[in-house]
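Data first, discussion second: the structure below is written as structure tokens.
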Amino acid sequence: MTTLSNNSAKAQAHTNIALIKYWGKKDEQLIIPYTSSLSLTLDRFYTQTTVRFNSDNDRDSVQINGQFISGKAWQRVHDFLTIVRDLAGIHLAAEVSSTNFVPTAAGLASSASAFAALAAAASKAAGLKLSKTDLSRLARRGSGSACRSIFGGFVEWQRGTSDADSYAQPLSQVGLNDVKVIALTTESGPKPISSRQGMNRSVATSPYYPTWIKVAQHDLIDIKVAIAAGDFTKFGSISELNAMRMHALTLSADPDFTYFNSETLAIMNEVKRLRHAGIECYYTIDAGPNVKVIVQSANATKIADTFTKLLGQNRVTTLSAGPGVHYL
Ligand code: DP6
């Protein structure tokens, strides 16, 4: 039987917001994307996960926020743990306990922080000593966006062509140091379609998908120039445009779908109104109805107050850049 000297580890990973979106897999099994993407890791939304490999158990147990999970969600964690076990050459079942720290009503937990924390905790508990690059490659196998949450600040996921060269790394040239993100939660029930299903359908049926691959590549080059130069206006404009280009792939899929609800549209209009009134801000939206508004510190309070009046206080959270994954 395999023995592990210290078979338990606890890690914390933060969510990230994509500014150039990942939307579509070239390889569904290994999660190799069609396009590279870029994100900002955030400070106030994060996941803490403890993993312990235990020779007394014959089945993985997984608790999220104090509740044992089963079914598809359990299977996804189990499959991921099996990748870690194969890497480490062990055959022990794991006990996983995970807590999401997301301010009240701020919305769904993110698979990015969840799989980044799980990758770090599980690999260490299994006795592996992975570099950040290898941790990023591992986290990618759980959820694509998780590979970016290994690092703090601005992070690029270089799509690569294989498991070996598809991983994230922090941007080396950053002249943009003043970015805040105001997270706005809309009235939302469960997602009608997961990001995984949504991107697969977009790839398979949107006639615009080949164009997305080309355009996303240019958006990425342009936003990196803006980040290096500290050009907030260019940075915000490209982020907003790229998000809308991604969402156009849902509207043009067959059957078509959208993640927007009426509040999403109302918030988008409000951001445009503020901008026309000279208060600079931009929006970005992931695979759900919630909106993130990109602002600079000088305007952050004013803009957050505007949305607090519209949505109520516990649906507005102002975030800054956050750190990469770390052990606790
Ligand atoms: C819209 O990383 O959740 O947030 O790899 O299937 O787990 P899987 O997808 P996931 O997709 C994220 C999609 C997005 C854009 C992004 O984060 O880049």
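Please treat every number below as a calculation from the coordinates, not as lab data. Since we're looking at a predicted model, the values are computed, not measured. Counting neighbours? That spans all protein chains shown, and the Cβs are built from the backbone with ideal geometry, glycine included.
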| Of 221, 297, 268, whose Cα points farthest to the positive end of the dipole of the stretch 180-319 (charges on the beta-carbon: +1 Lys, Arg; -1 Asp, Glu; origin at the Cα centre)? | 297
| Measuring from label point to label point, each 7 Å out along Cα→Cβ, what is the residue 305 to residue 258 span in nm? | 3.2
| remark: Per the charge dipole of the chain (beta-carbon charges, Lys/Arg positive, Asp/Glu negative, Cα centre), the residue among 98, 197, 282 reaching farthest to the positive end is 282
| message | If I fit a long axis through the Cα atoms of helix 209-229 and take the longest principal axis of the Cα atoms of the chain, what angle between them do I get, 0 to 90°, rounded to 10? | response | 80
| Acute angle (nearest 10 degrees) that the helix 132-142 long axis makes with the longest principal axis of the chain, alpha-carbon atoms | 90
| said: Per-residue counts of other Cβ atoms within 10 Å, averaged by peptide: what ranking do you get for 236-249, 82-95, highest first? | reply: 236-249, 82-95
| said: Of the candidates 198, 312, 278, which one comes out as most mobile in a Gaussian network treatment of the chain with C-alpha springs shorter than 10 Å? | reply: 278
| task | Report, in degrees rounded to the nearest 10, the 0 to 90 angle that the Cα long axis of helix 71-88 makes with the longest principal axis of the chain. | result | 60
